[in-house]
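S.K.: One structure, as structure tokens, below. Some questions next.
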Amino acid sequence: MTEFTPLAAVVGGTLIGIGAVMIMLFLGRVAGISGILSGAVFASSWEEWGWRVAFLAGMIAAPAVFTSVTGQTPGFMMPGTTAVSIIAGLLVGIGVTFGAGCASGHGVCGLARVSPRSIVATAVFMFFAVATVFVSRHLIGG
Amino acid sequence: MRIVWALISGLVFGLGITVSGMINPTKVLNFFDVAGTWDPSLAFVMASALLTTALGYRLVLGRSAPLFDAKFHLPKTTRIDPQLIAGSAIYGVGWGLIGYCPGGVVPALGLGRTEPWIFVAALLVGMAIARFTRNQLAKAVAA
């Protein structure tokens, strides 16, 4: 069980939006994390590499900053085994490469630009995520 | 300066993921579990992020260029093809298996736990496999 936290959700969501707008204002880039991650690992030039690594470093620093400001540790619980995590990681890596984006790139930045590609992609991955949880928790697991 | 502003933008984005609880894959999975322990938080996160981004983009994209770059780098592809649909479907299955998307797992790397690193290692292998396959397919089509 996790509790429904509407206030934290809206504050956090607004911060995500502000971060996305900032990187567009400063560098003219979309805040698609799968694209930034893939560019940081597979980039061929400093121009493409530097800002991506810096953006990711800022993201990784977030929990420490959160803890130093609030004095709280962010809630965290793994919902599956290591084997499931590895299979899921492979699927997500393959999926976002062919699908050209994830929840941040398509679901936030793409929808904000009313991109038809992102609307289709978001509908598809949301549907398959719900279907996967239904099958694994209610048909197989339970 | 570009690097510093990118770092600050990433920090704000990551704080959003942390504050909203999306750093916790169990919370994300519970959003998808509409028939069970449903937690609607993710919808509120997405809606507020989307609203803020849509409003902010209206202001920012009205400029002739970003502050520290010559031009905006917006995705140019507009085609809705089988690759987009299949890729998004595969991603959705992976997301539904463990509750991690790339945006959620990157801040989790800073929690000082090993599980997120294992997931990211697998994710990068998946990306490498997909990139290799795509290149081979492109070569086969060109040949």
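The values are calculated or read from the model by the stated rules, or taken from the named source; none is laboratory data. All values derive from a computational prediction rather than experimental measurement. All Cβ positions, glycine included, derive from the backbone under ideal geometry; neighbour counts span all protein chains shown.
S.K.: I'd like to know if the range B:58-77 contains one or more residues that are at the interface with another protein chain (Cβ under 7 Å from one of its Cβ atoms), touching a residue at least 60 places away in the same chain (Cβ under 8 Å), surrounded by fewer than 24 Cβ atoms within 10 Å (Cβ to Cβ) and of a type in the set (S, T, N, Q).
M.R.: Looking for residues that are at the interface with another protein chain (Cβ under 7 Å from one of its Cβ atoms), touching a residue at least 60 places away in the same chain (Cβ under 8 Å), surrounded by fewer than 24 Cβ atoms within 10 Å (Cβ to Cβ) and of a type in the set (S, T, N, Q), one finds none in the range B:58-77, hence no.
S.K.: If you go through the range B:17-30 one residue at a time, how many are of a type in the set (A, V, I, L, M, F, W, C) and either without any contact (Cβ under 8 Å) to a residue 40 or more places away in the chain or within 13 Å of A:Ala8 (Cα to Cα) (or both)? Even if it seems obvious, please write down each step before you answer.
M.R.: Step one: of the range B:17-30, the residues of a type in the set (A, V, I, L, M, F, W, C) are B:17, B:19, B:22-23, B:28-29.
Then keep just the ones that are either without any contact (Cβ under 8 Å) to a residue 40 or more places away in the chain or within 13 Å of A:Ala8 (Cα to Cα) (or both); that gives B:17, B:19, B:22-23.
Result for the range B:17-30: 4.
S.K.: Test B:Pro25 against the stated conditions and say whether it is under 15 Å from B:Cys101 (Cβ atoms) and not aliphatic (A, V, I, L, M).
M.R.: Numbers: under 15 Å from B:Cys101 (Cβ atoms): yes; not aliphatic (A, V, I, L, M): yes.
Yes; evaluated as a whole, the condition is true for this residue.
S.K.: Identify, please: which residue in the range A:116-125 is surrounded by fewer than 24 Cβ atoms within 10 Å (Cβ to Cβ) and either within 7 Å of chain B (Cβ to nearest Cβ) or in contact (Cβ under 8 Å) with a residue 24 or more places away in the chain (or both) and is, among those, farthest from A:Phe98 (Cα to Cα)?
M.R.: Result: A:Pro116.
S.K.: So which of A:Val92, A:Val65 ends up being under 24 Å from B:Phe44 (Cα atoms), among the β-branched types (Val, Ile, Thr), at the interface with another protein chain (Cβ under 7 Å from one of its Cβ atoms) and surrounded by fewer than 24 Cβ atoms within 10 Å (Cβ to Cβ)?
M.R.: Residue meeting the stated conditions: A:Val65.
S.K.: Identify the residue in the range B:1-12 that is facing chain A (nearest Cβ under 7 Å) and without any contact (Cβ under 8 Å) to a residue 60 or more places away in the chain and, among all such residues, is surrounded by the most Cβ atoms within 10 Å (Cβ to Cβ).
M.R.: Here is the first cut: in the range B:1-12, the residues facing chain A (nearest Cβ under 7 Å) are B:2-3, B:5-12.
In the following step, the residues that additionally are without any contact (Cβ under 8 Å) to a residue 60 or more places away in the chain were identified as B:3, B:6-12.
Numbers: B:Ile3: 15, B:Ala6: 26, B:Leu7: 18, B:Ile8: 17, B:Ser9: 27, B:Gly10: 30, B:Leu11: 23, B:Val12: 21.
Result: B:Gly10.
S.K.: State all residues of the range B:92-120 that are more than 7 Å from every other protein chain (Cβ to nearest Cβ), in a helix (DSSP H, G or I) and without any contact (Cβ under 8 Å) to a residue 12 or more places away in the chain; if no residue qualifies, say none.
M.R.: Hit for the range B:92-120 is B:Trp117, nothing else.
S.K.: Tell me, yes or no, whether the range B:22-37 has at least one residue that is surrounded by fewer than 19 Cβ atoms within 10 Å (Cβ to Cβ), more than 7 Å from chain A (Cβ to nearest Cβ) and farther than 25 Å from A:Leu25 by Cα.
M.R.: No, the range B:22-37 contains no residue that is surrounded by fewer than 19 Cβ atoms within 10 Å (Cβ to Cβ), more than 7 Å from chain A (Cβ to nearest Cβ) and farther than 25 Å from A:Leu25 by Cα.
S.K.: Here is a follow-up. Quick test of your reading of the structure: B:Gly126 fulfils all but one of (1) at pLDDT 95 or above; (2) assigned to a loop (DSSP other than H, G, I, E, B). Name the failing condition by number.
M.R.: B:Gly126 satisfies all of (1) at pLDDT 95 or above; (2) assigned to a loop (DSSP other than H, G, I, E, B) except (2).
S.K.: A further question follows. Filter the range A:25-48 down to the residues that are part of a helix (DSSP H, G or I) and touching a residue at least 24 places away in the same chain (Cβ under 8 Å), then identify the one that is farthest from A:Ala121 (Cα to Cα). Show your work before the answer.
M.R.: To start, the set of residues in the range A:25-48 that are part of a helix (DSSP H, G or I) comprises A:25-27, A:33-42, A:46-48.
Retained after the next criterion (residues that are touching a residue at least 24 places away in the same chain (Cβ under 8 Å)): A:27, A:33-35, A:38.
Details: A:Leu27: 25, A:Ile33: 15, A:Ser34: 14, A:Gly35: 15, A:Ser38: 18 Å.
Once the filter is applied, the top-ranked residue is A:Leu27.
S.K.: Quickly run through the range B:123-133 and pick out the residues that are more than 16 Å from the chain's Cα centre (by Cα) and either aliphatic (A, V, I, L, M) or within 7 Å of another protein chain (Cβ to nearest Cβ) (or both). Before the answer, list the steps.
M.R.: Taking the range B:123-133 first, the residues more than 16 Å from the chain's Cα centre (by Cα) are B:125, B:128-133.
Correct list: B:Val125, B:Ala128, B:Ile129, B:Ala130, B:Arg131.
S.K.: Just checking, how many residues over the range B:31-49 are part of a helix (DSSP H, G or I) and either aromatic (Phe, Trp, Tyr) or in contact (Cβ under 8 Å) with a residue 60 or more places away in the chain (or both)? Walk me through how you get there before you give the answer.
M.R.: From the range B:31-49, those part of a helix (DSSP H, G or I) are B:31-32, B:41-49; that's our starting set.
Applying the additional criterion that residues be either aromatic (Phe, Trp, Tyr) or in contact (Cβ under 8 Å) with a residue 60 or more places away in the chain (or both) yields B:31-32, B:44.
Final tally of qualifying residues: 3.
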